[in-house]
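The values are calculated or read from the model by the stated rules, or taken from the named source; none is laboratory data. These numbers come from a predicted model, not from an experiment. All Cβ positions, glycine included, derive from the backbone under ideal geometry; neighbour counts span all protein chains shown. Keep in mind that these areas ignore ligands, DNA and RNA; they rest on the heavy atoms of the full protein, side chains included. Shrake-Rupley method; radii C 1.70, N 1.55, O 1.52, S 1.80 Å.
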Amino acid sequence: GEKFSVLVFDSKNHSSNYPNVNKANKIIMIPPPPIANFSHNSKASIRIVNGNYYKSGITVSIGARNTSNSNSNNNYSSGEVLASGLESGEVSKTSYISAGNIPIAVFTSTEPAVYLFSSNINIEAGKNYILAVDFSDVDANTDSSGGRLISIEDTQEMLQAEYAPQSSFLQILNVVNGLNNLSVSIPGVLDNAILNYTGNMATFIPEGNNSI
């Protein structure tokens, strides 16, 4: 038979019968991913699950990163959207993404969009991933941002789910007059990415010390 995944999100509210146990806020059943109709050798499938409590919807996108696309003249890709206007409890359509380090950001779906948080995750080619966006640690009355990301690979069983480390937003703008080929490298994220004069890129890097 087919293999389904079930995600249970905490509500912070305690059960009257079990005061030390939190009630589930949402239980989401996720069907297996569709079979890719092209070569899966260099890509992984990703679906986003919105475990949000109170925000009107989220958009999840990928920042600037290394690319294996031979048609790219600048050695990086940017702006891939994994989910747009994803409401609470919804599961996104499947995206097929080149393997490697993925800088992922979560925004509100409002106009203008509000940046909530970002993380960097590693995905492997030929595998299927569920990325669950969890807001159980966010106080709706005081927090305008926040949230955490959980990456679950399809074959994982009986393993403790772990939150991906938080990342920091980074924007780079080439304002060096006459320099049309500014090379930018960030280990694990960008490798000799080229920015033309007045060009800019946005990405997300692990918190802590980074070499640029």
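List of remarks:
- Odd one out for VAL176, checked against (1) within 25 Å of ILE121 (Cβ to Cβ); (2) at pLDDT below 90: (1)
- Every residue from the range 49-86 that is open to solvent by 50 Å² or more (accessible area, probe 1.4 Å), part of a strand (DSSP E or B) and either modelled with pLDDT of 90 or more or farther than 20 Å from ALA125 by Cβ (or both): VAL81, SER84
- Answer residue from the range 191-212, given it is open to solvent by 80 Å² or more (accessible area, probe 1.4 Å) and in a strand (DSSP E or B) and is farthest from ASN174 (Cα to Cα) among those: ASP191
- Matching residues in the range 87-115 - criterion: being open to solvent by 10 Å² or more (accessible area, probe 1.4 Å) and aliphatic (A, V, I, L, M): VAL91, ALA99, ALA113, VAL114
- Test for SER167: is it modelled with pLDDT under 90, open to solvent by less than 40 Å² (accessible area, probe 1.4 Å) and touching an Asp or Glu at 6+ places or on another chain (Cβ under 7 Å): no
- Filter pass, SER183 being assigned to a strand (DSSP E or B), open to solvent by 60 Å² or more (accessible area, probe 1.4 Å), modelled with pLDDT of 90 or more and in contact with a strand residue (DSSP E or B) (Cβ under 8 Å, 6 or more places away or on another chain): yes
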